[in-house]
Amino acid sequence: LKSGKKKKMRVLATVFFDAFLFVGPWFFCSAFVGPVAKRIDWSSLGARGGRDPSYPDEAERFSKEDLRALRAKLDRQVKLGKFDVPMDDWAYESTTLEAGMVMLGRKENATDVGFAMMQQHFHKSCILLLEHSEEFTLGVQLNRPTRKLIDGWEVWFGGDVGNANVFHAATDGGHLRVECLLKPSAGLALNETDDEVVKIVNELYRTSFAHAKDLVAEGKATKDDFYVFAGYCGWRGGQLRGEIDKGTWTTLQASGQSIIDQLDEMMLRTLKKGDLLDDGVDMWNTLMYRVDKDPSHFERTFDDDMLKVWIETNLGGVVDPKTAAVQERRAVEKMRSISDSDGVVAPGAILAGRAVGGDLLLNRQFLHRSLVLVVAA
């Protein structure tokens, strides 16, 4: 009998103990912690250096700017099998359209005409997106240096829109838009005090050409701190996504430092060879390798040759003095009369396309070896 009572007492004690463990903390918090917490001005703690009331916004900003770097680092660690991968030099393939994305021009198969016959400057191009929204996307081509100058500044070809005929490829008459990228050291310092120096992504900054000139005039920067791009590439809402889905572009995320490093390497390469002109294919190959794609898969000799012709014709110089493009530039771009020995062009004469220069080859291929009947002169 006594053992039965003892057993019941142990059961009741266990029940009360469990109930205390469950209810006790709740009772303590509601009776003591709750009233005290209500009397504390939490916003004032943020102002005195405690919890920042804007913390959610900072967390969102951190995830947007740095999550890409973390993903890239983990990706490189897995591929390389080591953990000492630098955080400031990374790239990985991504289809998320946003400012800071890099696009590599390509064509997927041999039957695709690609950019050989039109818009040759997009062939093996590297484009940095500066702005992206549902209505419009704006970017500049990174790998098209030129011999052109604007107000004494060396400029690169940014795109065939908004270059005000600085290049022959201009598609609109008088509009000029010049974008400037800053090297990380100058950009970081100026971004902290200058509202006109805007961060694109970590270590990559942009500003207007007018403001860049002001910074140099005020001694706050030098011309060497900037890469200047005349013109831009633009897509209306949904257009770029359609091109990506068709395989026109390989898209990737890259650190700001790696982008600037590629620009520096291209500039150094042009200085070594004594010619500011470059076809930009080395940069394209490098970034393709960085996202584990074999550039030789997209090798198209004809397309590469057409790109060189376009560069020679539009960017102010010769890429390779031995190329056929040079010979075409030196040839006389004219039509020859084959119906009149004096070469007089009159109604009834037949003209034959004889010499094809860069302009005809790039833009008016229909005139190559053509026969044209003159009906009025």
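Just one of (1) over 14 Å from S255 (Cβ atoms); (2) modelled with pLDDT of 90 or more; (3) out of contact with any Phe, Trp or Tyr (no Cβ under 6 Å at 6 or more places or on another chain) trips up T96, so point out which.
All conditions pass for T96, except number (2).
Residue-wise test of (1) within 18 Å of M117 (Cα to Cα); (2) of a type outside the set (F, W, Y); (3) modelled with pLDDT of 85 or more; (4) in contact with a helix residue (DSSP H, G or I) (Cβ under 6 Å, 6 or more places away or on another chain).
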| position | (1), (2), (3), (4) |
| --- | --- |
| Q239 | no, yes, yes, no |
| A254 | no, yes, yes, no |
| M283 | no, yes, yes, yes |
| T313 | yes, yes, no, yes |
| M335 | no, yes, no, no |
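I need the full set of residues from the stretch 191-220 which are open to solvent by 20 Å² or more (accessible area, probe 1.4 Å) and closer than 23 Å to E98 by Cβ, in order please.
Result: N191, D195, E196, V198, K199, I200, N202, E203, R206, S208.
Please go through the stretch 173-190 and pick out each residue that is open to solvent by less than 50 Å² (accessible area, probe 1.4 Å), in a helix (DSSP H, G or I) and not hydrophobic (A, V, I, L, M, F, W, C).
P184, G187
Which residue pairs have Cβ atoms closer than 6 Å, lie 6 or more positions apart in sequence or on different chains, and pair a first residue in the stretch 132-146 that is aliphatic (A, V, I, L, M) with a second residue that is surrounded by fewer than 24 Cβ atoms within 10 Å (Cβ to Cβ)?
Between residues of the stretch 132-146 that are aliphatic (A, V, I, L, M) and residues that are surrounded by fewer than 24 Cβ atoms within 10 Å (Cβ to Cβ), the close pairs are L138/L130; L138/E131; L138/Y232; L138/G234; V140/Y232.
Mind checking which pairs have a first residue in the stretch 259-280 that is on the phi > 0 side of the Ramachandran plot and surrounded by 13 or more Cβ atoms within 10 Å (Cβ to Cβ) and a second that is modelled with pLDDT of 90 or more and of a type outside the set (S, T, N, Q), Cβ under 6 Å, 6 or more apart or different chains?
G280/R144
Residue under question is A116, and the condition is that it be at pLDDT below 90 and in contact with a helix residue (DSSP H, G or I) (Cβ under 6 Å, 6 or more places away or on another chain); does it hold?
Details: at pLDDT below 90: yes; in contact with a helix residue (DSSP H, G or I) (Cβ under 6 Å, 6 or more places away or on another chain): yes.
The answer is yes for A116.
Any residue in the stretch 229-240 that's under 13 Å from V140 (Cβ atoms): show its pairings with residues that are crowded, with 21+ Cβ neighbours inside 10 Å and acidic (D, E) at Cβ separation under 8 Å, as long as the two are six or more apart or on different chains.
From the stretch 229-240, the pairs are F229/E179; G231/D160; Y232/E179; C233/D160.
The values are calculated or read from the model by the stated rules, or taken from the named source; none is laboratory data. Fair warning: this is a prediction, and the values are worked out from it, not measured in the lab. Here the Cβ is made from the backbone with ideal geometry for all residues, glycine too, and neighbour counts use every protein chain on show. SASA here: full protein model, heavy atoms, side chains in, ligands and nucleic acids out. Shrake-Rupley method; radii C 1.70, N 1.55, O 1.52, S 1.80 Å.
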